[in-house]
Amino acid sequence: MKEIGKVLRIGIIGTGAIGSDHARRINHVLTGARITALTDVHQPSAETVRDTIAPDARIFNSGEELISSAEIDAVLVTSLGATHEAYVLQSIAAGKPCFCEKPLAHTSEGAKRVVDAETAYGKRLVQVGFMRRFDRGYIALKNAVRHIGSPVMIHAAHRNQSVPGTYTTPMAIHETLIHEIDVLRWLLEDDYVSARVVFPRSAARSHSQLKDPQIVLLETANGVVIDVEIFVNCHYGYDIQCEIVGEDGVARLPEPSAVEMRVNGTRQNSILTDWKDRFVDSYDVELQAFIRSASSGVPGGPSAWDGYVAAITADACVRAQESNGAEVRIDLPPRPSLYD
Ligand code: NAI
Ligand code: ISE
């Protein structure tokens, strides 16, 4: 573990959209860390990040070599979701702090292997990239909950302007809904007990592998019923909505600030189109928190346990997608004391 006050040397595995954006913020926005290693199965992508953002970084031939290198103190896993588990397990085996983008693993069995490995190691090393917990708006919403009486319902929406043609119906859960799965249980301090999925007619931009939109209904142990609309080809923008209905009032997630224009007989605000812009500050804060905790040895942020609970819930939601509207139960195992 790096001593406090020294610059944390970070290696990034996966230099695509979010890996390169995180590299930019580590080297140019945040303090206390520097990118010293990069790898990607598509090597030109790592070279571009080195040439444009991280001139001190050495390019490694594989994630395995990068993790075991003495030239790095901490690991950022930003490769595709199905590859995360193996890299996180290796980071734990090497005793190196690891920031893993969501999802922690592609299956709940995989996420359990991470929790088991970290528990056996006996100390938290993993932070999962659930950046909404660091978002100013969600933090304000969490603080507002105590003013509206006991929550009874949540209405939420996660709309992407568009997704690539390779995006499929289960990805709407593992890649997209996973953010709501985590942030809503964090807001409520409650866990899920069941899931159902309802499909309206598919919109025109759907295809044979993608039914879009869909509505996921979650129920919590305290009896809160949550509906989340996922609409990944909504066309008009990137739009994240969340309204908590309590016994005495309602609290809504603030909209991102935007200039209001009055022109040509209309009143209008622009809507963001890209997740990178919508949560730009939250990514900064979550990674600064990771740098701080990795440097000081004090664990923080969303844990491997949170990643595991999200994976169990996501698996249940995918089963619910295939169950013609039937309810699927969600059973969580006991939480190891490491995560108290
Ligand atoms: P991307 O496709 O732009 O980049 C992924 C990169 O990983 C590619 O350069 C690819 O060549 C590389 N790669 C694939 N397999 C690899 C392996 N085995 N070892 C090393 N490199 C490998 O994808 P994107 O959008 O950057 O997503 C990456 C991860 O970050 C995903 O898990 C995604 O869910 C997550 N993500 C999280 C966001 C958030 O809001 N927290 C936003 C966008 C992505
Ligand atoms: C993407 O991977 C993200 O994590 C974004 O935050 C989310 O809005 C999008 O749906 C995912 O594909």
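The values are calculated or read from the model by the stated rules, or taken from the named source; none is laboratory data. This one's a predicted model, so the numbers in the text were calculated from it and none came from an experiment. Virtual Cβ from ideal backbone geometry, glycine too; neighbours counted across all protein chains shown. For accessibility, only protein heavy atoms count, side chains too; no ligands or nucleic acids. Shrake-Rupley method; radii C 1.70, N 1.55, O 1.52, S 1.80 Å.
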ask   = Taking the Cα centre of segment 44-181 as origin and charging only Cβ (+1 Lys, Arg; -1 Asp, Glu), how large is the dipole, in debye to the nearest 20?
value = 760
request  = Could you list the square roots of 5 times each eigenvalue of the Cα gyration tensor of the chain, that is, the equivalent ellipsoid semi-axes, sorted largest first and rounded to whole Å?
outcome  = 32, 24, 21
For R58, residues with placed amide H under 5 Å, excluding near neighbours = A37, L38
inquiry  = Quick check for me: using +1 on Lys/Arg Cβ and -1 on Asp/Glu Cβ, what's the dipole size of the chain about its Cα centre, in debye to the nearest 20?
reply    = 460
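Considering only Cα-Cα distances, which of the following residue pairs are longer than 29 Å: K96/K142; K6/K112; K102/K142; K6/K142?
K96/K142; K6/K112; K6/K142
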task = Give the shape of segment 148-221 as rounded, prolate or oblate, defined through the alpha-carbon gyration tensor: a ≥ b ≥ c are the square roots of its eigenvalues, a/c under 1.5 means rounded, and otherwise the shape is prolate if a/b is larger than b/c and oblate if not.
result = prolate
message = Can you compute log10 of I(q)/I(0) for segment 263-340 with the Debye formula, treating each Cα as one identical point scatterer, at q = 0.25, 0.27, 0.28 Å⁻¹?
response = -1.10, -1.16, -1.19
remark   = In debye to the nearest 20, the charge dipole size for segment 17-118, taken about the Cα centre with +1 at each Lys and Arg Cβ and -1 at each Asp and Glu Cβ, equals 240
message = Which of the three applies to segment 141-264, rounded, prolate or oblate, going by the alpha-carbon gyration tensor with a ≥ b ≥ c and a/c under 1.5 meaning rounded?
response = oblate
Under the Debye formula (equal points on every Cα, no solvent term), log10 I(q)/I(0) of segment 1-110 at q = 0.15, 0.16, 0.17 Å⁻¹ = -0.55, -0.63, -0.71
task = For V126, list long-range residues whose amide hydrogen, built 1.01 Å from N in the peptide plane, is under 5 Å from its own amide hydrogen.
result = C98, A304
query = Which is farthest toward the positive dipole end of segment 66-177 among A157, H84, A120, measuring Cα position about the Cα centre, with Cβ charges +1 (Lys, Arg) and -1 (Asp, Glu)?
reply = A157
ask   = In terms of modelled amide H atoms, which long-range or inter-chain residues lie less than 5 Å from the amide H of V193?
value = E219, T220, A221
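Ignoring ligands, DNA and RNA, please state the percent of accessible area on segment 85-205 from carbon and sulfur, probe 1.4 Å.
54
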ask   = Mind listing the phi-derived Karplus ³J(HN,Hα) values for segment 314-320, rounded to whole Hz, using 6.51, -1.76 and 1.60 with θ = phi - 60°, and x for any glycine or proline?
value = 5, 4, 5, 5, 5, 4, 5
Computed helical MRE - 222 nm, the chain, DSSP H runs ≥ 4 contributing -39500 (n - 2.57), nearest 500 = -10000 deg cm²/dmol
ask   = For segment 224-231, in order, what is each residue's ³J(HN,Hα) by Karplus, 6.51 cos²θ - 1.76 cosθ + 1.60 with θ = phi - 60°, in whole Hz (x at glycine and Pro)?
value = 6, 9, 10, 10, 10, 7, 10, 9
task = Return the sequence-ordered ³J(HN,Hα) values of segment 288-295 in whole Hz as given by the Karplus equation 6.51 cos²θ - 1.76 cosθ + 1.60 applied to θ = phi - 60°, using x for Gly and Pro.
result = 5, 5, 5, 4, 4, 6, 5, 6
